[in-house]
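**Q** My questions will all concern the structure given below.
The values are calculated or read from the model by the stated rules, or taken from the named source; none is laboratory data. All values reported here derive from a predicted model rather than from experimental measurement. Here the Cβ is made from the backbone with ideal geometry for all residues, glycine too, and neighbour counts use every protein chain on show.
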Amino acid sequence: MLVVPPFAEEMNKSRHVLAAIVRAAADAGSEVLMPDLYGTGDSEGDFGDATIDIWRSDLDAAVARMQSESPLDVVALRAGALLAADLAARHAMRSLTLLQPVSEGRQQLTQMLRLRLAAGLMGGGEKETAAQLRQRLADGEFLEVAGYRLSGELASGMESLALLQMPAGAVEQVNWIELAPQADRPLMPVSQRIVDQWRASGIAVNSTVMVCDQFWATQEIARCPAIAQRVMNLLGD
């Protein structure tokens, strides 16, 4: 199993949940790897020097490092789902399990820029707009976003990613898990559209909604003890 974490601060908030999935898979006998991509976590480099191509190479190296002949299962959270779907075009996967996936890289970048705008309003500095920030990135500037140095190259690469770019036949089974504060909520409309289009193209998709706090975005560390078991149940089916 390869576990692909989300970006920036969402990775820090989510590490304990992903670690629980890693432990559950290891206890079940799987070889598991959850890499810190270049410029993140304990890896070398600075986030400001990271690019999507570097992260592609990191994930390719992670797949190559796993020498097991067993089929590959990939679990990805939030924007990590974009990198995982991109990875599926290069490596055969038995399953791809997406946890609250971000549908497009542009959506992820917009979210990061909103954090920058909100911090500017709180600090009482000069007002900026999202369009101005995007132009500064396009001009080669670096932006500080929630303590991370974001480059125009990473922003451009991020915007090039989208779940719907995953080719049909790349994955035997997709498990789409959406997390909601209450039970019996349907998938979000954007999620349902992607699931429907994948199914229409011949991709087998199992979608489910489970009750869980938005642990990747909460101020305090939030738990989601059921998610590891749900992932293992899906992979065991």
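**Q** Go through the stretch 64-85 and report how many residues are surrounded by 13 or more Cβ atoms within 10 Å (Cβ to Cβ) and farther than 26 Å from K13 by Cβ.
**A** Residues meeting the conditions: 2.
**Q** Considering (1) surrounded by fewer than 14 Cβ atoms within 10 Å (Cβ to Cβ); (2) in the same structural domain as G39 (by TED's automatic domain parsing), say which one G147 fails and leave the rest.
**A** Here G147 meets the rest and fails (2).
**Q** Let me ask something else about it. Using the structure shown, decide if E220 is of a type in the set (D, E) and within 16 Å of A84 (Cα to Cα).
**A** no
**Q** Going residue by residue through the stretch 35-45, is there one that turns out to be over 23 Å from Q214 (Cβ atoms) and among the hydroxyl-bearing types (S, T, Y)?
**A** Yes, the stretch 35-45 contains at least one residue that is over 23 Å from Q214 (Cβ atoms) and among the hydroxyl-bearing types (S, T, Y).
**Q** Okay, next question. Does the stretch 175-191 contain at least one residue that is of a type outside the set (F, W, Y), more than 19 Å from the chain's Cα centre (by Cα), under 26 Å from A92 (Cα atoms) and assigned by TED's automatic domain parsing to the domain that holds A85?
**A** no
**Q** If the requirement is being surrounded by fewer than 20 Cβ atoms within 10 Å (Cβ to Cβ), more than 16 Å from V205 (Cβ to Cβ), modelled with pLDDT under 95 and not aromatic (F, W, Y), which of these qualifies: A168, A180?
**A** Testing whether each residue is surrounded by fewer than 20 Cβ atoms within 10 Å (Cβ to Cβ), more than 16 Å from V205 (Cβ to Cβ), modelled with pLDDT under 95 and not aromatic (F, W, Y) leaves just A180.
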